[in-house]
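The values are calculated or read from the model by the stated rules, or taken from the named source; none is laboratory data. Predicted, not measured: the structure shown is a model, and the values here were computed from it. Neighbour counts run over all protein chains shown; Cβ positions are idealised from the backbone, glycine included. Side chains included, ligands, DNA and RNA excluded: accessible areas come from the protein's heavy atoms. Shrake-Rupley method; radii C 1.70, N 1.55, O 1.52, S 1.80 Å.
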Amino acid sequence: MQSSTTNQAIVILKQLRQAADEEAKISDRLSRIMKIIAEQMGYDGVSCFVAIDDSYLELFAEYGFNPDAMHKVSLRFGEGLIGSVAKNGRPLALSDAKNHPKYVIKEKLGEEGYNSFLGVPLMRRHRAIGVLVAETKSAHEFSRQEQETLETIAMFLSDVVSSDEMTEYKNNLIKSRGIVTKERIKGLSLSKGYGIGLAVLHRRRHAVTKIFSEDKDKELERLTLAHQQMNDDLEAKFNTTKLGIGEHMDILDAYLMFAQDKGWFKKIADNVLSGLTAEAAVERAYEDMWNRLSATKDNYLKERLHDLRDVSDRLQGYLSGDFGESISVASESKDVIIIAQAMGPAELMDYDYTKIRGLIIEEGTPTMHVAIVAKALNIPVIAKIKGLFDEVKSGELIAVDGNEGYVYLRPSEDTQRKFRQKLEEKERLQAKLAELKDKPSCTLDGVRIGHYINVGLSFDLDYLKSTNCDGIGLYRTEIPFMSSMSMPDVEEQKVYYQELMDKAEDRKVIFRSLDVGSDKLLPYWAGLNEGNPAIGWRSIRITLDRRAILRKQIKAFLEAAAGKELNVMFPMISNLAEFEEAKETLMLELEKEKRFKRPIPKKVNVGLMVEVPSIVFQLDEILEKADFISIGTNDLAQFFFACDRGNPRLTERYDVLSAPFLRMMHTIVKKADKHKVYCSVCGEMASNPIEAMALIGLGYRNLSSSGSTFCRVKSMIRSLRVDDISDYMQLLLNSKNKTLRPQLVAYANDHNIEIF
Ligand code: PEP
Ligand code: MG
């Protein structure tokens with residue numbers, strides 16, 4: 001039986017729907033909606049505030065107050081009771097509002113004489129897009145039932161407020177006030193490159209217009225059918241060789257498993273059985289999960305929420321039968337820029353991605369699955385541009401600069417010309433870099449630099465051929481661990497490593513033992529909730545404490561490299577004892593393999609990553625025991641400067657191209673040379689031409705670059721003279737400047753060194 005709350009909500013929603021569908025101006029319909037709510041619920045005043053942008057709200061409709069106040073009362077997010085509801089995204093009920101510390105009287109509204117207050121946020125994509133407020137003159141305790149009814153009404157109202165018609169009304173209002181929109185907006189670049197094309201607004205969110213069902217069995221049938229259809233289509237969509245191989249495919253596979261998850265389906269079915277329509281049941285299941293997980297700091301779980309939003313939208317699309325509306329728009333134009341409020345990886349695949357020249361997402365983090373997939377498809381991605389979705393119309397011209405993280409709205413002729421030039425330049429550059437492929441990484445004065453690639457995602461392996469590199473200087477083994485649903489066993493790991501070695505043919509491969517923790521979380525391990533995860537229980541600290549994991553991985557390395565040379569290095573080593581312990585574990589496994597007469601590698605080299613500064617002060621001892629070292633400049637710089645490597649606020653603050661850091665790098669290579677130990681750099685420094693130039697000047701002769709920048713670094717090497725740069729670096733090591741980048745760039749320009 002449906003509860004009385006449900007019944008009351010059904011009656012009111014029916015009237016509200018009729019009012020929303022009336023032939024009248026949107027502002028009049030909103031006022032009518034306010035009146036219905038007030039009369040049906042017995043409130044003296046009801047008002048609706050709409051967010052103009054992310055910072056302030058404005059009165060758009062009222063009943064029971066001063067009608068002249070419309071569009072004249074505004075509040076900042078966080079200001080007063082209404083602003084607090086918007087800021088916190090949570091309802092607020094007060095029987096005695098005037099005594100609340102946040103209470104501010106809005107005289108223009110004619111609020112004097114009102115005592116009790118219930119504010120409910122209108123939410124869209126976890127952002128408040130408005131607030132619905134009910135007030136009474138006499139002191140009134142809002143019951144739980146009343147709150148629930150108002151929350152259901154708010155769900156309906158948020159659809160009205162985010163409708164196209166309302167967006168247009170709001171935009172016209174803003175324009176009529178003479179607010180000029182900017183041409184260039186700064187965002188966060190998640191994938192580099194340039195693109196120009198026509199905007200396609202990615203609307204996947206289907207408004208849930210009907211909340212309660214009349215026939216549960218029929219509803220369940222509808223749900224089952226739509227779910228089945230969706231999964232059949234997804235399987236067909238991902239089952240194409242055009243997508244190649246790589247981590248993006250692991251992400252898509254994981255997404256499919258999610259869509260087929262029985263637990264998720266059961267939750268929705270249970271909601272249907274409680275009286276909701278299938279669409280509302282999907283939404284409720286999403287909200288439940290969001291409420292539980294939204295506060296998590298765990299990036300993996302956060303990404304799961306994006307996937308869940310994506311798959312929920314998709315299922316709602318199938319339920320309403322209008323799936324694929326924006327896709328046809330995209331297929332008509334040759335070059336498109338997709339603009340989404342949020343997006344899951346599978347949604348991108350709904351478009352013909354050969355036409356996508358850019359992707360702009362209002363939300364977004366670097367680990368976003370959709371960004372990883374887009375990157376694999378060479379699509380520039382810019383995230384964290386709030387409010388763009390409402391600003392742009394489908395079909396308008398947009399340009400995306402993924403290198404600098406800028407979006408250009410309706411770019412001027414001049415900007416368009418510059419973009420076209422950049423795209424042509426890029427093509428020319430790519431052709432030039434392709435020509436370098438078969439040439440060695442050798443300087444003008446004949447110094448051969450050992451030049452390797454870093455591999456993590458499986459598509460990085462394609463660079464083995466396209467760069468013609470000397471091998472793999474860093475294989476980040478955690479990636480297959482991160483993209484599996486459970487810990488891979490020895491056999492699974494062995495297959496992975498063997499495949500990698502086969503692809504590398506007889507080139508050198510350096511395996512790094514599992515480097516998880518901090519920002520690299522495993523889906524099957526609960527987050528640790530540490531205060532300082534970057535310096536917490538991570539990497540070698542985990543694998544030494546959970547020795548079975550390390551032993552299994554070493555066993556897989558040894559078996560995969562049978563008959564070949566095996567190079568294994570340990571990450572995050574902080575002292576000699578840790579290295580010795582890790583090395584001993586490897587040696588014991590090797591002994592075991594021998595005892596069981598299993599085929600073993602013809603040679604085993606054991607090394608470590610230098611990425612914790614304490615190691616630099618124990619190099620003499622370490623280099624006695626290590627066969628090689630590789631410098632992880634990303635972490636080394638993070639710990640050296642005490643500067644979170646993932647914090648965009650800090651990226652410009654410290655520079656690895658400064659005397660203190662370079663002096664440390666110089667010390668390391670000098671010690672390695674003294675001990676005749678192979679030494680390379682596998683951090684980002686080796687992927688950036690100007691930084692790689694400085695490293696060679698300091699004495700480094702082995703670099704491991706990312707596949708995508710390898711040829712740029714090679715081009716720099718081939719135009720460099722080692723003698724000259726070595727002398728110049730000695731000079732710079734004494735500099736007091738905060739950064740030596742400008743000097744090094746000037747040096748490169750003066751000496752015709754290619755650093756594009
Ligand atoms: C580094 O820290 O420089 C490194 C190469 O390792 P990762 O980026 O995988 O932490
Ligand atoms: Mg590291």
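Considering only DSSP beta bridges with both partners in the chain, what is the antiparallel share in %, to the nearest 5?
Bridges in the chain that DSSP calls antiparallel: roughly 50 percent.
Mind jotting down the distance between the C-alpha centroids of the range 632-664 and the range 400-418, whole Å?
Value for the Cα centre distance between the two parts: 30 Å.
Using a 1.4 Å probe over the heavy atoms of the protein chains, calculate the carbon and sulfur portion of the accessible area of the chain as a whole percent.
Within the chain, the accessible surface is 50 percent carbon and sulfur.
For the pair Asp438/Ala548, report the inter-label distance in nm, with labels modelled 7 Å from Cα in the Cβ direction.
Rounded to a tenth, the inter-label distance reads 5.3 nm.
Calculate I(q)/I(0) for the chain by the Debye formula, one identical point scatterer on each C-alpha and no solvent, and give its log10 at q = 0.07, 0.09, 0.11 Å⁻¹ to two decimals.
-0.61, -0.94, -1.23
Mind ranking 93-105, 57-69, 370-382 by how tightly packed they are, going by the mean number of other C-beta atoms within 10 angstrom, highest first?
Packing order, densest peptide first, comes out as 370-382, 57-69, 93-105.
For a protection proxy built on the mean count of beta-carbon atoms within 10 angstrom, sort 431-437, 305-311 highest first, please.
Order by mean packing, descending: 305-311, 431-437.
Non-local amide H neighbours of Gly364 (under 5 Å, H modeled in plane, Pro and chain starts lacking H): which ones?
Lys384
Can you pull the Rg over Rh of the range 646-738, Cα-only, Kirkwood?
Rg/Rh for the range 646-738 comes to 0.97.
Once every DSSP H run of n ≥ 4 in the chain is given -39500 (n - 2.57) and the sum is divided by its residues, what mean residue ellipticity at 222 nm do you get, rounded to the nearest 500 deg cm²/dmol?
-14500 deg cm²/dmol
Greater than 18 Å separation of Cα atoms is the criterion. Which listed pairs, Lys418/Lys714; Lys564/Lys714; Lys465/Lys714, meet it?
Cα-Cα > 18 Å for Lys418/Lys714; Lys564/Lys714; rest within.
Which value, in Å to one decimal place, does the Kirkwood hydrodynamic radius take for the range 71-162 when every pair of different Cα atoms is included?
Kirkwood hydrodynamic radius for the range 71-162: 13.4 Å.
Take the alpha-carbon centre of the range 52-128, take the same for the range 11-28, and report the distance between them in whole Å.
22
With r as the distance between the Cβ atoms of Lys98 and Asn737 and R0 = 60 Å, compute the FRET efficiency 1/(1 + (r/R0)^6) and round to 0.05.
Efficiency, rounded to the nearest 0.05: 0.50.
Just to verify a number: FRET efficiency for Ala534 and Asp270, C-beta to C-beta distance, R0 = 41 Å, to 0.05?
E(calc), rounded to 0.05, equals 0.50.
Counting only heavy atoms of protein chains, what accessible area per residue, in Å², does the range 1-127 have with a probe of 1.4 Å?
46
With θ taken as phi - 60° and the coefficients 6.51, -1.76 and 1.60, list the Karplus ³J(HN,Hα) couplings across the range 426-439 in order, rounded to whole Hz; mark glycine and proline as x.
For the range 426-439, the Karplus curve yields 4, 5, 4, 4, 5, 5, 5, 5, 4, 5, 6, 2, 8, 9 Hz.
Please enumerate, by chain and number, the aspartates and glutamates with C-alpha under 15 Å from the C-alpha of Lys555, excluding those fewer than 8 residues away in the same chain.
Straight-distance partners of Lys555: Asp489, Glu491, Glu492, Glu565, Glu584, Glu589, Glu591, Glu593.
Under the rule of at least 5 residues apart or a separate chain, name every residue whose amide H is placed under 5 Å from the amide H of Val604.
Long-range HN contacts for Val604: Leu566.
Using all C-alpha to C-alpha distances in the range 596-646, build P(r) with 5 Å bins and read off the rounded percent in each one.
Result, from short to long distances: 5, 18, 21, 16, 12, 10, 7, 6, 3, 1 percent.
Keeping to pairs on different chains or 8 or more places apart, tell me how many lysine pairs in the range 1-111 have Cα atoms under 26 Å apart.
Lysine pairs, 8 or more places apart or on different chains, close enough: 21.
Enumerate the calculated ³J(HN,Hα) couplings along the range 714-721 in order (Karplus 6.51 cos²θ - 1.76 cosθ + 1.60, θ = phi - 60°), each rounded to whole Hz, writing x wherever the residue is Gly or Pro.
So the J values, rounded to whole Hz, are 4, 4, 4, 4, 6, 10, 9, 10.
Take each of the peptides 38-48, 491-501, average the number of other beta-carbon atoms within 10 Å over its residues, and list them starting from the highest.
38-48, 491-501
Please give me the summed charge of the neighbours of Arg741: other residues whose Cβ is under 10 Å from its Cβ, Lys and Arg +1, Asp and Glu -1.
My count for the surroundings of Arg741 gives -1.
Non-local amide H neighbours of Phe212 (under 5 Å, H modeled in plane, Pro and chain starts lacking H): which ones?
Answer set, sorted by chain and number: Thr277.
Could you pull the Rg and Dmax for the range 381-476, using just the Cα atoms, both in Å?
19.4, 57
List the equivalent ellipsoid semi-axes of the range 540-674 in whole Å, largest first, each obtained as the square root of 5λ for an eigenvalue λ of the Cα gyration tensor.
Taking √(5λ) for each eigenvalue gives 32, 16, 12 Å, largest first.
Please list 3J(HN,Hα) in residue order for the range 729-741, calculated via the Karplus relation 6.51 cos²θ - 1.76 cosθ + 1.60 where θ = phi - 60°; whole Hz, with x for glycine and proline.
With the stated coefficients, the range 729-741 comes to 5, 4, 5, 5, 4, 9, 6, 9, 5, 5, 9, 10, 4 Hz.
Would you report the distance distribution of C-alpha pairs in the range 613-673 as whole percents per 10 angstrom bin, up to the bin with the largest distance?
20, 50, 24, 6
Say each of Ser27 and Val490 gets a label point 7 Å from the Cα, pointing the same way as Cα to Cβ; how far apart are those two points in nm?
7.6
Using the heavy atoms of the protein chains alone and a 1.4 angstrom probe, what is the accessible area of the range 533-690 per residue in square angstrom?
Ligands and nucleic acids excluded, the result is 43 Å² per residue.
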